[in-house]
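Data block below; observations after.
Read-outs: derived from the displayed coordinates by stated rules, not from any lab. This is a predicted model, so every value here is computed, not measured. Glycine also receives a Cβ, built like all others from the backbone with ideal geometry; neighbour counts cover every protein chain displayed.
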Amino acid sequence: MAKLKGPQNASAGTISRRSNPLTSLLRRPEAGGALAALLCFAFFAIMAGGNGFLSPLGVANWLATASELGIVAAPIGLLMIAGEFDLSIGSVVGGTSMIVAICTGYYEVSPWIGVAVSALFATLVGLANGLIVTRTKLPSFIVTLATMMMITGGMLGLSILLTGSTSLSATPSGLAEWVFASNYQQFHVSIVHWILVTALASYVMQNTVFGNWVYATGGNAQTARLAGVPVERVKVILFVCASLGGALAGVIETLSFKNGNITLGSQYVFTGIAAAVIGGVLLTGGYGSPIGIIFGALTYGIVSLGVFFLGWNADMTELFIGLLLLLAVLANHRLREWAMGRA
Amino acid sequence: MTEPIIELRNVTKRFVGVTAVANLSLALRPGEVFCLLGENGAGKSTLIKLLTGVEAPSEGEILVDGRTVHFRSPRAAREYGIATVYQEVGTLPLMSVARNFVLGAEPTTGRGLFRRFDKEKAATLALQTLRELGISRVADGDQLVGTLSGGERQALAIGRAVHFGARLLVLDEPTAALGVRESATVLRLIEKVRTRGVAVLFITHNAYHAYAAGDRFMVLRRGEMLASFDKGEKSIGEVIELMAGGAELQSLLTAGEAGVVGT
């Protein structure tokens, strides 16, 4: 049988693959997020520069806030690129916090055991979310809302059953303290974790076959499936990654604050999605980049600490972020229309 | 005459209460464009589903390279080199030309943990294939597919299928949503693909498009073959009449004439 071979030789080198640099820059998914971060930084540097916003401690503070959010938002963003949401992420942070506190504060075992149990817990939550969503074809929005409530309730019950209390102290020690809860000058180690998580996510999206599958899954699951992409497996893996990101943030915050709290990280349900969207991830999936999410998280850190340094009410942060989110969604929507050829 | 790649012999497909395709036989040969014409509900979609492994025939057999096969899934049909290009879901608008082209068969470089997606090679393959299909306006592998024209998108989907080993290309209404110039691009694509020795099943409503591209023609009506003829056997006027007014035509013909049209 005449098996058709594709073109092999020819003068491929003569084809120019780059267009004008400005166009390619603006076409990048991270352009909007970078602009948002830059404008917010400029605004607060001018308004609050004298109040300590630009001091090393100030910078360390907003970088810490951004980094903890960024650790959660990076895998959440990948999941959103694949077309799914995870609302249970905040409860995973809180659940992890309880686990670490129960292990180190109540049973007084090594923090590493807390870390290991947290990782196992997060993997199971991610698997449950992923399998329920892919098997039932229900919207992940409602499935993860349900698991969020179950985790919060279940973990509180477990804590009372084991320790008789829901507020526990956590005790970091040894290498674990250095890895998850140390500072260099005023800069918290979470910044390093943020960079590592984002670098990994970025590498996966840009340079691996799996990254191509993630974009395709979110772009159109039917098309991806017809091309042979294991869409369900891609989603389950990303749900597990999202939960693990939440667990990492939970471990870092619990060992740093030395306190276990179920409500820890509950804000990430919203801020995680906001950071991803401000960073250029499309709500409908199929488009976005981990580098963009860095800018989304950075914007959040800059605004929340900027508002603090200005001496404004902390609620103003919400107002700012809400406005930015709205602008980002509008910009992303326009971009999508343009890319779909309907602008 | 060359051996057919795929052949249907006396195939019937019944759904509950409905016979979608009745006792149909056809052969698709390499380097030939087979046009399937007919109104909605004529059985075209069912025929595509039978050929691409989505449905199994109730009666009759499907042969690939002269041997009887039973496709268990669309994937099984694809492994025999049967590729369908879907107009709506053929490409992903928010992904680059290069990423679209290699989706599901991504080239890689490096080994083990360092095995990574070869973007350069993906772009080179995509642009080269597009150029061979006569699309020269696309010169950037990073360009988003959503910014391509309808014809260019079809070229990408068709080129992709052929590059990854399609021997039979099923094109379901590839010109339906396109303007005149874009349709011409797609017809040229079909011609290019045919000269490479691929069998093409071209499903269309448009008699002019069919007439311009086709080697063999079959008109379906209510799951049955109404007419079957080769290029040059009928004028375009006759083809249009067959397509548009099959029913009226039948009723106006004498028994003898109906026999001629029916074979």
Phi-based couplings in Hz for region A:90-104 (Karplus 6.51, -1.76, 1.60; Gly and Pro marked x): x, 6, 5, 4, x, x, 4, 4, 5, 4, 4, 5, 4, 5, 8
If I take R0 = 41 Å and measure r between the Cβ atoms of A:GLN185 and A:ILE142 in this structure, what FRET efficiency does the formula 1/(1 + (r/R0)^6) give, to the nearest 0.05? 0.35
Restricting to Cα pairs below 8 Å that are 6+ residues apart, what does the relative contact order work out to for chain B? Please round to a whole percent. 25
Report the Rg/Rh value for region B:145-246, based on alpha-carbon coordinates and the Kirkwood definition of Rh. 0.98
Taking region A:49-138, which chymotrypsin sites (Phe, Trp or Tyr not before Pro) meet the DSSP loop condition and have no more than 16 other C-beta atoms within 10 Å? A:TYR107
Whose amide H sits under 5 Å from the amide H of A:ALA82, counting only residues 5 or more places off or on another chain, with H placed in the peptide plane? A:GLY286
Once you place label points 7 Å from the Cα toward the Cβ at A:ALA116 and B:THR68, how far apart are they in nm? 6.0
Counting other Cβ atoms within 10 Å of each Cβ, which GluC sites (Glu not before Pro) in region B:1-104 have at most 12 and sit in a DSSP loop? B:GLU88
If all Cα-Cα distances of the protein assembly as shown are sorted into 10 Å bins from 0 onward, what percent lands in each bin, rounded to whole numbers? 3, 15, 21, 20, 15, 12, 8, 4, 1, 0
Residue by residue through region A:138-155, the couplings from Karplus 6.51 cos²θ - 1.76 cosθ + 1.60 with θ = phi - 60°, in Hz, x for Gly and Pro, are 6, x, 5, 3, 7, 4, 6, 5, 5, 5, 4, 5, 5, 5, 4, x, x, 5
With only helices counted (DSSP H, runs n ≥ 4, each -39500 (n - 2.57)), the per-residue ellipticity at 222 nm for chain B, to the nearest 500, works out to -10500 deg cm²/dmol
Per residue convex hull volume, Cα only, region A:147-296, in Å³ is 139
I'd like the FRET efficiency for B:HIS205 and A:LEU326, computed as 1/(1 + (r/R0)^6) with the beta carbon distance as r and R0 of 45 Å, rounded to 0.05. 0.50
Quick one: pull the percentage of alpha-carbon pairs in chain A with a separation above 27 Å. 49
With a cap of 15 neighbouring Cβ atoms within 10 Å, and only residues DSSP puts in a loop, list the trypsin sites (Lys or Arg not before Pro) found in region B:160-236. B:ARG196, B:LYS231
Classify region B:117-172 from the C-alpha gyration tensor, please: rounded if a/c falls under 1.5, else prolate or oblate depending on whether a/b exceeds b/c. oblate
